Amino acid sequence: GIHFFTPDDFSQQLAYMNHKKGHVISPHVHNIVKREVLYTKEVLVIKKGKIRVDFYTDGQEYICARTLETGDIILLASGGHGFEMLEDTEMYEIKQGPYAGDNDKTRFVPKNKP
């Protein structure tokens, strides 16, 4: 049925669903529930192309890189990240709003990227 990749306390939830023909998800509305969101979590869906994602600690130190290609999905839940487009790329970004402009992120020069 449904498998969540994220813990219940994440402010952004990511799950995979696989249902058989005829399965019904009952019609529903979502209740008003006040939530406090302290950090932005982002989901990227690579529609077409290829990118390198560089991962950093909260202290802005380089950890590693991974390559994402057409059809890949990633949840950026903590730490820092940067991207380089390795091919012409189309992707979707899903994150909490509203967008806070310059207050939403701190750009930095990596401390120990190879």
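How would Met17, Met85 rank on accessible area, largest to smallest, probe 1.4 Å?
If we order Met17, Met85 from most to least accessible, we get Met17, Met85.
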> Taking amide hydrogens as modeled 1.01 Å from N in the peptide plane, which residues meet the under 5 Å criterion relative to Phe83, leaving out close sequence neighbours?
Replying inline: Asp54
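Which FRET efficiency value, to the nearest 0.05, do you get for Asp58 and Glu90 by plugging their Cβ-Cβ distance into 1/(1 + (r/R0)^6) with R0 = 30 Å?
Details: r = 30 Å, r/R0 = 0.99.
My answer for the efficiency is 0.50.
With a 10 Å radius around each residue's Cβ, average the other Cβ atoms per peptide and rank 3-12, 22-31, 94-103, highest first.
Numbers: 3-12: 11.4, 22-31: 5.9, 94-103: 9.5.
Taking the mean over residues of other Cβ atoms within 10 Å, the ranking is 3-12, 94-103, 22-31.
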>> Give me the tail of P(r) for region 1-61 as a percent: Cα-Cα pairs with distance above 16 Å.
In response: 71 percent
> How large is the dipole of the chain about the Cα centre if only Lys and Arg carry +1 and Asp and Glu carry -1, each at its Cβ, rounded to the nearest 20 debye?
Replying inline: 280 debye
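Can you list the equivalent-ellipsoid semi-axes of the chain, largest first and in whole Å, using the square root of 5 times each Cα gyration tensor eigenvalue? It would help to have the intermediate numbers written out before the result.
Numbers: eigenvalues 167, 82, 34 Å².
Calculated on Cα positions only, the semi-axes equal 29, 20, 13 Å.
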>> If you take every residue apart from Tyr62 with its C-beta less than 14 Å away from the C-beta of Tyr62, what net charge results, scoring Lys and Arg +1 and Asp and Glu -1?
In response: 0
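Under the definition of Cα pairs under 8 Å and six or more residues apart, what whole-number percent is the relative contact order of region 2-103?
Values: 161 pairs, mean separation 28.5, N = 102.
Averaging sequence separation for qualifying contacts and normalising by length gives 28 percent for region 2-103.
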> Can you give the accessible area of Leu75, probe radius 1.4 Å, in Å² rounded to 10?
Replying inline: 40 Å²
> Once Lys and Arg get +1 and Asp and Glu get -1 on their Cβ, which of Ser26, Val43, Leu76 lies farthest toward the positive end of the dipole of the chain?
Replying inline: Ser26
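The values are calculated or read from the model by the stated rules, or taken from the named source; none is laboratory data. Every value quoted in this text rests on a predicted model; they were computed, and no experiment measured them. Neighbour counts are summed over all protein chains in view; Cβ atoms, including those assigned to glycine, are modelled from backbone coordinates with ideal geometry. Surface accessibility is based on the protein's heavy atoms, side chains included, excluding ligands, DNA and RNA. Shrake-Rupley method; radii C 1.70, N 1.55, O 1.52, S 1.80 Å.
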